[in-house]
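Student: Pasting a structure here, questions to come.
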Amino acid sequence: IILIYADDLGIGLLGHEGQEIIKTPNIDKLAAEGLRFKNAYSSMLCAPARATLLTGLHDCHARSFEITSAGIYKKIGTGELSSEEVESVVNDHLSPVPADQVFLAQVAKEAGYVTAQYGKLEWGFAASRAQMKRHGWDHYFGYLDHVRAHGFYPPYLFGEEGMASIDGNTLNDCGKSREPETEAAYLERWDMRGKDSYSQDIFMDSILAFLDAHKDQPFFLYFPTQLPHGPVAVPRVHPDFEDDERLTQIEKEYASMVKLLDEHVGMIMQELKRLEIDDHTLLIFTSDNGHEIYSAQDGRVQKPYTHMANGQIFDDLVLKYYSEEAGDVFNGNGGRAGMKRSNLQGGLQVPLIVRWPGKITPGSVSTRLVASYDFLSTLADIVSYPGELSSDGLSFYGELSGENPGEEHDYIVFSSFRGPALITRDGWKLRSYLEQDVFELYYLPDDFREELNLAESYPERLSELKEKLLLACEGDYRHGHYSHGKSQIPVE
């Protein structure tokens, strides 16, 4: 079982979802050979998204996930702390994990699978090796700090054996580039001193080595790639975009990051065939949240994305973000309103593709309502997990295997920086804007752009869904109102 977890990949960036500039033939082939979910959702930000994925719990509970703040791992590079001291500090800020808490990798491990993770950190904004072990990973290699994962040339990474130096990478900020695009930013980005090894090349080497070493064993491989999360950094501009007059230089580089993600999917699929394990490998591709702008440039597209080119502000209420209004040439959210961090469709709806030869009819499409917190229960069914689970999720194993589809959600819920949102099985959506005590109602099958608020036209439906959302938020809508200040544990 392989789970590829893209980072900030808007659903509109994929060819089979309508992308017109960036060709994604490998991911498109995955969809053509597998099952594509049209109603898949995840949290609007990386840390809660990863937590819902790993725990099977939604992010609107009164007891929120313990999300640690980022940056402490940079103190290793400055000599302020050793790696052991950083580990101790992070662990000291975390509560003990309940003995009955079950995590995604733990499910696979206890069912007899070898588990491995390569790439970006999997919990909070600063994770620890103790966490990785408790969560069930036999093998891992990657970042343990979200701030460091904003750069693609790490001088050191972490595995189950401890910290490992990366020869030729000397920059403590991992080569993080500046935003928005300027002449100075361009020159700094392409100054390759201290940038010998690109992180995604390192991770792909680890993944291919793991597949070769464990081809004769059942395994669960998790690849939380950095791509195409920015700031933009790529070793080379892809030939597809070198002479594309539609794109600025920074847009060419960003497109190359999406293209590189697609090529990595192709490399993994090719390796499975080479090892002759393709026919009995289940491959899942999805993203942590919606689209984000990383190709900002004065006069083109602004960042923060909340600023229109004419200076007006997208407030997610009176003025909602749409690609054509912002100047996003890629239309990364596929025409949807909103972006990462919002509870509009552009922040919550994600691609989800599953390829399972012999089980899934190629080219299938599912309209089942799926949440990121369904993965734990689904994996448990796939591997015949022997233990018990406590989860908000529902398994979609039957949808994959062609057996009884099983119980489906009446509705799913997610938090955001604006407030919580609820989406029903039949396509009704309630979104909140708690700062102004506003609740909007949309019928997505007729209005995926969320342009027609039906709250006044359907007061009974509005009241019904508000009660359900309040119940999911355990009596207080504010439990689904995410903010950096309230939702993170400062690690100092």
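Student: Quick check: at a probe of 1.4 Å, how many percent of the accessible area of the chain sits on carbon and sulfur atoms?
Tutor: So the carbon and sulfur contribution to the accessible surface is 47 percent.
Student: In addition: Starting from the coordinates of the alpha-carbon atoms of segment 403-469, obtain the Kirkwood hydrodynamic radius over all distinct pairs and give the value in Å to one decimal.
Tutor: The Cα-based Kirkwood calculation yields 12.5 Å.
Student: Using protein chains only and a probe of 1.4 angstrom, how many square angstrom of I67 are accessible, to the nearest 10?
Tutor: 10 Å²
Student: What is the distance in Å between the Cα centroid of segment 128-196 and that of segment 37-64?
Tutor: 25 Å
Student: Sort 463-470, 334-341, 96-103, 126-133 for me by packing, meaning the mean count of neighbouring Cβ atoms within 10 Å per residue, highest on top.
Tutor: Going by the mean number of other Cβ atoms within 10 Å, highest first, we get 334-341, 126-133, 463-470, 96-103.
Student: Can you sort E253, E66, E492 by 1.4 Å-probe accessible area, starting with the largest?
Tutor: E492, E66, E253
Student: Moving to a separate point now. How large is the Kirkwood hydrodynamic radius of segment 1-79, in angstrom, based on all distinct alpha carbon pairs?
Tutor: Computed over segment 1-79, the radius equals 15.8 Å.
Student: Taking square-rooted eigenvalues a ≥ b ≥ c of the alpha carbon gyration tensor, is segment 87-180 rounded, prolate or oblate, where a/c under 1.5 means rounded and, failing that, a/b exceeding b/c means prolate?
Tutor: prolate
Student: Scan the chain and note any complete DSSP helix (H) whose C-alpha atoms cover at least 18 Å along its axis and whose Kyte-Doolittle average is -0.5 or more.
Tutor: 199-213, 249-274, 459-472
Student: Residue by residue, what Karplus-based ³J(HN,Hα) values in Hz, rounded to whole numbers, does segment 447-453 have, using 6.51, -1.76 and 1.60 with θ = phi - 60° and x for Gly and Pro?
Tutor: After applying 6.51 cos²θ - 1.76 cosθ + 1.60, I find 8, 5, 8, 6, 9, 10, 6 Hz.
Student: With every protein chain left in place and a probe of 1.4 Å, what is the accessible surface of S95, to the nearest 10 Å²?
Tutor: Accessible area of S95: about 60 Å².
Student: Something else: Roll a 1.4 Å probe over the protein heavy atoms and report the accessible area of F375 in Å², nearest 10.
Tutor: Only protein atoms counted, so the area is about 20 Å².
Student: While we're here: Packing-wise, with mean Cβ within 10 Å as the measure, how do 286-292, 365-371, 406-412 rank, highest first?
Tutor: Packing proxy ranking, top to bottom: 286-292, 365-371, 406-412.
Student: Could I ask something else about it? Of all the C-alpha pairs in segment 113-249, what % are more than 17 Å from each other?
Tutor: That tail contains 63 percent of the Cα-Cα pairs.
Student: Moving on. Regarding the chain, what's the average projected area of the Cα-atom convex hull, expressed in nm²?
Tutor: 22.0 nm²
Student: Take the Cα radius of gyration of segment 277-421 and divide it by 2.2 N^0.38 Å, with N its residue count; two decimals is plenty.
Tutor: Taking N as the residue count of segment 277-421, the ratio is 1.29.
Student: Give me the net charge for the shell around Y143: Cβ to Cβ below 13 angstrom, other residues only, Lys and Arg +1, Asp and Glu -1.
Tutor: That works out to +2.
Student: Next question. May I ask for the net charge around K429, where only other residues with Cβ less than 10 Å from the Cβ of K429 are counted and Lys, Arg are +1 while Asp, Glu are -1?
Tutor: Once positives and negatives cancel, what remains is -2.
Student: In Å², what does the accessible area per residue of the chain work out to with a 1.4 Å probe?
Tutor: Counting only protein heavy atoms, the per-residue value for the chain is 39 Å².
Student: Here's something else I'd like to know. Expressed in nm to one decimal, what extension gain is obtained for the pair S88 and D278 from 0.36 nm per residue of sequence separation less their Cα-Cα distance?
Tutor: Result for the pair: 64.3 nm of gain on full extension.
Student: Let me know the shape class of segment 370-492, please: from the alpha-carbon gyration tensor, a ≥ b ≥ c as square roots of the eigenvalues, rounded when a/c is under 1.5, otherwise prolate if a/b is greater than b/c, or oblate.
Tutor: oblate
Student: Further question: Considering only the other residues whose Cβ falls under 15 Å of the Cβ of P96, what net charge follows from Lys and Arg at +1 and Asp and Glu at -1?
Tutor: Its environment carries a net charge of 0.
The values are calculated or read from the model by the stated rules, or taken from the named source; none is laboratory data. All of these numbers come straight from a predicted model, not from anything done at the bench. A quick note on method: Cβ atoms are made from the backbone with ideal geometry, for glycine too, and the neighbour counts reach across all protein chains shown. When the accessible area is computed, the model is the full protein with side chains, heavy atoms only, and any ligands, DNA or RNA have been set aside. Shrake-Rupley method; radii C 1.70, N 1.55, O 1.52, S 1.80 Å.
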